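Accompanying notes for the structure given below.
The values are calculated or read from the model by the stated rules, or taken from the named source; none is laboratory data. It should be emphasised that the depicted structure is a prediction, and the values quoted were computed from it without experimental measurement. Cβ sites come from the backbone with ideal geometry, for glycine too, and all protein chains shown count toward neighbours. Ligands, DNA and RNA are excluded from the accessible area calculation, which covers all protein heavy atoms including side chains. Shrake-Rupley method; radii C 1.70, N 1.55, O 1.52, S 1.80 Å.
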Amino acid sequence: MNPALTRQYKRWYELKDIPEQVRLITEQVRFKVVPAGRRSGKTERAKRFLAKQAMRHEGETYFAAAPTRDQVKKIWWDDLKALTFSAAHAKAPSESELKIYMPNGTEIHLIGLDKPERIEGIAWTGGVIDEIADVKAHAWEAHILPALNTVSPERPDYRAWCWLIGVPDGLNHYYDLYQYALNSGDPEWAAYHWKSAEILPEDVINSAKRVMSPKQFKQEFEAGFETATGRIYEDYGAANATDETIQPHEQLLWMHDQNFTPLSSAIGVIREDCLYLLDEIVLESAISRQSAEEFVERYKDHKNKHVLVYGDPAGRAGEKHGHASDYTDIEDVLRQNGWRFTRKVKPKAPAIKDRQNAVRARICNAAGERRLFVNPTKAVYCHKGLATVQLQKGSTFQEDQTNQYQHITTAIGYMVDATWPIGLPKTGTTIVPGFR
């Protein structure tokens, strides 16, 4: 057998069946809405279903879609080529157009929905939309559903089907579609839901609980539609308070969010993998150099003269062209006053949600452990920011910029994301030959 084909055959490894997934595969329903836990098999089931449909039916046209072309290529392309045994196809898949040409005349198209109109103009047989929560809110009604309702004159009674799969992301359009499928009584719609714990091993679930906040864990691993209203750091409270102070031997962590008034920076230390925010510098109508001058004066007697500097990558603006940046100004002052420093600033700012989730998981993870503590007397802005910052009205992640404490929480987020970024636990897969 062709070695490439042998590798593709092995891609059909055995899966663990659970009743809800069996129901998903076997029920004859046109629109299936599938909010399910992260890494619990929803995309794998969808890939296999689509591949089998393409292999079994001649002359059809199917699609797999995701919010962007890069996403659909990353998530679906290699797996669909393997699952459809493309190594044996007379016509090779088109890498430029992301199309698979089956020997029976059927085609599978991969589509990025950053431009939803890409799905229009073809009489589809059916398909899958992955990460539907991140697809533009208007895309379903304005572009996707009309495309699926396009009727071929050769098959006037046929209606294209679609799976809408993904992890929830607040009470957005995906929530609305799920509620409709669940409660409308429309015979063309059905809802399917399961948690990651029904598929993943207990140690993987426990690992996720240790690095994620309760809210994020419920959303990601239990596929819960968590509300996005109210406080961003809703688990922050009295249990995160401490009266600890900085000790002379400890290495200082200095966290910045530049170019805002008041100019706010947090100062902390790490003890036993916990972050202690024990001081801050908040200056009205100031620039970074003045903040640095305040720092070296305040800590002139501190014994450990090596500070780690964290912050917004935008603070490096101008450095490539020989201009002083916020960081070079800060570092000049530190150097002139006998301090050593290490800049711990990422090349690119983290996604706002990633930064927020990293801080949430430090405040309290899904296992109930707290690893972020604030001295509310010495770090007043840190305390008030974590206690009060809310989302902008109507947004699922944008922070309320009118809250004067918001910028210091952003600074904290840069440090936490750089040190303890949110990363889902990895799982291994045992390859077991078998066609299912």
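Structure data summary
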| read-out | value |
| --- | --- |
| Sequence-distant aspartates and glutamates (8 or more away, or on other chains) whose Cα lies within less than 18 Å of K384 | E234, D235, D243, E244, D257, D279, E280, E284, E399, D400 |
| Using a Förster distance of 41 Å, the FRET efficiency for R370-D186 (Cβ separation, nearest 0.05) | 0.35 |
| Percent accessible area from carbon and sulfur atoms, the chain, protein chains only, probe 1.4 Å | 49 percent |
| Theoretical gain in end-to-end length, A286 to K91 [0.36 nm per residue, Cα-Cα removed] | 63.7 nm |
| Efficiency of FRET between L15 and E58 - r from beta-carbon atoms, R0 25 angstrom, step 0.05 | 0.40 |
| Potential lengthening between D203 and K305 on full extension [0.36 nm per residue; Cα-Cα distance subtracted] | 32.6 nm |
| Length released on extending from S152 to W77, taking residue separation times 0.36 nm less the Cα-Cα span | 24.3 nm |
| Estimated Rh, region 140-282: Kirkwood, alpha-carbon pairs, angstrom | 20.4 Å |
| Considering only region 252-376, percent of DSSP beta bridges that pair antiparallel, nearest 5 | 55 percent |
| Projected label distance in nm at R335 and D176, using a 7 Å step from Cα toward the beta-carbon | 5.5 nm |
| DSSP beta bridges in the chain [antiparallel fraction, %, rounded to 5] | 35 percent |
| For the chain, accessible area per residue (1.4 Å probe, heavy atoms of protein chains only), Å² | 46 Å² |
| Nearest-0.05 FRET efficiency for R7 and R231, computed from C-beta distance (R0 41 Å) | 0.25 |
| Assigned charges on the beta-carbon of Lys, Arg, Asp, Glu; the chain dipole about Cα centre (debye) | 1160 debye |
| Listed residue pairs exceeding 26 Å between alpha carbons, taken from K42/K99; K99/K346; K300/K344; K52/K218; K32/K74; K346/K378 | K99/K346; K52/K218; K346/K378 |
| Protection-proxy order for peptides 32-40, 195-203, each taking the mean of Cβ atoms within 10 Å per residue, highest first | 32-40, 195-203 |
| Region 62-117 pair-distance distribution - Cα-Cα, 5 Å bins, rounded % | 5, 20, 33, 23, 12, 6, 1 |
| Top of I108, I132, I246 by mean-square fluctuation, Gaussian network on the chain, Cα under 10 Å | I246 |
